[in-house]
Amino acid sequence: MTISKERILTGDRPTGPLHLGHYVGSLANRVKLQHEYESYILIADVQALTTHFEHPGELRRNTMQVATDYLAAGLDPGTATILIQSRVPEIHELAMYFSLFTMVNVLRHNPTVKTEAAQHGFNDMPYGFLGYPISQSADISIFKAHLVPVGEDQIPHMELTRKIVRRFNDLYRPVLIEPRELISSVSRLVGLDGKAKMSKSLNNGIFLQDQPAVVEAKVKTAVTDPQRIRKNDPGHPEICTVFTYHKVFNAAEVEEIEHDCRQGTIGCVACKKNLADKLNRMLEPMHERRAVYEQHPDLVADILQTGTAKARKIAAATMEEVREAMQLDYFSKHQS
Ligand code: TRP
């Protein structure tokens, strides 16, 4: 007997190359989960366009970039399915149906949408942006995903998804599944500058594609304990960015480092060198895989095309059920 695995759907907006924050926050976990769940990873290019519609070229480059980062990080295209949101038009059809019974005020009060609108300096906002959580609900429910691994900021979208699914099932027929979220334990990684979050726009990150010399140079710029001037001054790891990284990327040595830092027996230069070595060791297999894809750029495009086609079949099957439930199946053979 084969026991069918539960299904995962998750994704990212392709806004730039992925960095260590993405890796510890989600990517590493997806690489692990791909063996336990039937996994679909969606590159949310349409969702990214809700704020970047003036820059389609950048979006396209980023989509290929993110796909390459996924593969380099160890998502196995034979195991996990990587798909491009815009090329599954059924998602947009379902989003339209969802939008019929989702109230504007509910969207307006979504805390994540509010925060992002403020970040973008929106006074008024595009209809597509206000409604992107509906589209995200369609991303998830069209694949009948059980589990959605996401960061904390996505909880309002998960609550909306469940609400929409319940409403749909109630109004028409119980076709869709109420998904649950899996919140990542490391929800954000501090930036090299000690700011709350590693992010491309803050220019305080280490990208997965950074070469060893770049990683070393970037780690050298990381902020440490400002009170530590001489090498043997006692340090305060609790306020040191480099120590935060040791906790995440060098668990085996973290107690020793904490002890030596407090005693002033390890200096910041050596501590940073140690961290850079650990990071480079972690990134090395990713660079090896990336090199293969960079030598064969068609490979990434082929993987995306195959993944999207496979995903689209599932989406199309769900839409048959959805149209039937909504009595929109005008041309279906089974119609009486
Ligand atoms: N909103 C998510 C983000 O900003 C990206 C995303 C789009 C997503 N569709 C999704 C995440 C579906 C999980 C499931 O990171």
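The values are calculated or read from the model by the stated rules, or taken from the named source; none is laboratory data. Source: prediction; values computed, not measured. So basically every Cβ, Gly included, is an ideal-geometry build from the backbone, and we count neighbours across all protein chains shown. Each accessible area value is taken on the protein alone, full model and side chains, heavy atoms only, with ligands, DNA and RNA left out. Shrake-Rupley method; radii C 1.70, N 1.55, O 1.52, S 1.80 Å.
I want to confirm something. Restricting to the stretch 134-150 and keeping residues that are near the ligand (Cβ under 7 Å from one of its atoms) and either over 14 Å from ARG180 (Cβ atoms) or not in a helix (DSSP H, G or I) (or both), which single residue is nearest to the chain's Cα centre (by Cα)? Looking at residues that are near the ligand (Cβ under 7 Å from one of its atoms) and either over 14 Å from ARG180 (Cβ atoms) or not in a helix (DSSP H, G or I) (or both), I get VAL150. Every condition in (1) open to solvent by less than 10 Å² (accessible area, probe 1.4 Å); (2) within 19 Å of SER137 (Cα to Cα); (3) not in a helix (DSSP H, G or I) holds for GLU181 except the one numbered (1).
Evaluating LYS278 against the criteria (1) surrounded by 15 or more Cβ atoms within 10 Å (Cβ to Cβ); (2) in a loop (DSSP other than H, G, I, E, B) leaves one unmet condition, (2).
Taken over the stretch 204-240, residues that are surrounded by fewer than 19 Cβ atoms within 10 Å (Cβ to Cβ) and not charged (D, E, K, R) amount to 15. Among the residues of the stretch 135-146, the one identified as within 11 Å of GLU93 (Cα to Cα) and open to solvent by 10 Å² or more (accessible area, probe 1.4 Å) is SER135.
Residue count for the stretch 145-156, restricted to those that are of a type outside the set (A, V, I, L, M) and within 12 Å of THR10 (Cα to Cα): 4. Listed by first and then second residue, the pairs linking a residue in the stretch 306-317 that is farther than 14 Å from LEU42 by Cα to a residue that is surrounded by 13 or more Cβ atoms within 10 Å (Cβ to Cβ), with Cβ atoms under 9 Å apart and 6 or more places separating them unless they lie on different chains, are ALA316/VAL88; ALA316/GLU90. Only one of the listed residues (HIS35, HIS22) is of a type outside the set (D, E, K, R), within 13 Å of the ligand (Cβ to nearest atom), closer than 26 Å to HIS296 by Cβ and open to solvent by 40 Å² or more (accessible area, probe 1.4 Å). That residue is HIS22. Scan the stretch 88-95 and tell me whether some residue there is more than 29 Å from GLN327 (Cβ to Cβ), within 13 Å of the ligand (Cβ to nearest atom) and open to solvent by 20 Å² or more (accessible area, probe 1.4 Å). No. Taken over the stretch 290-314, residues that are within 21 Å of the chain's Cα centre (by Cα) and surrounded by 15 or more Cβ atoms within 10 Å (Cβ to Cβ) amount to 9.
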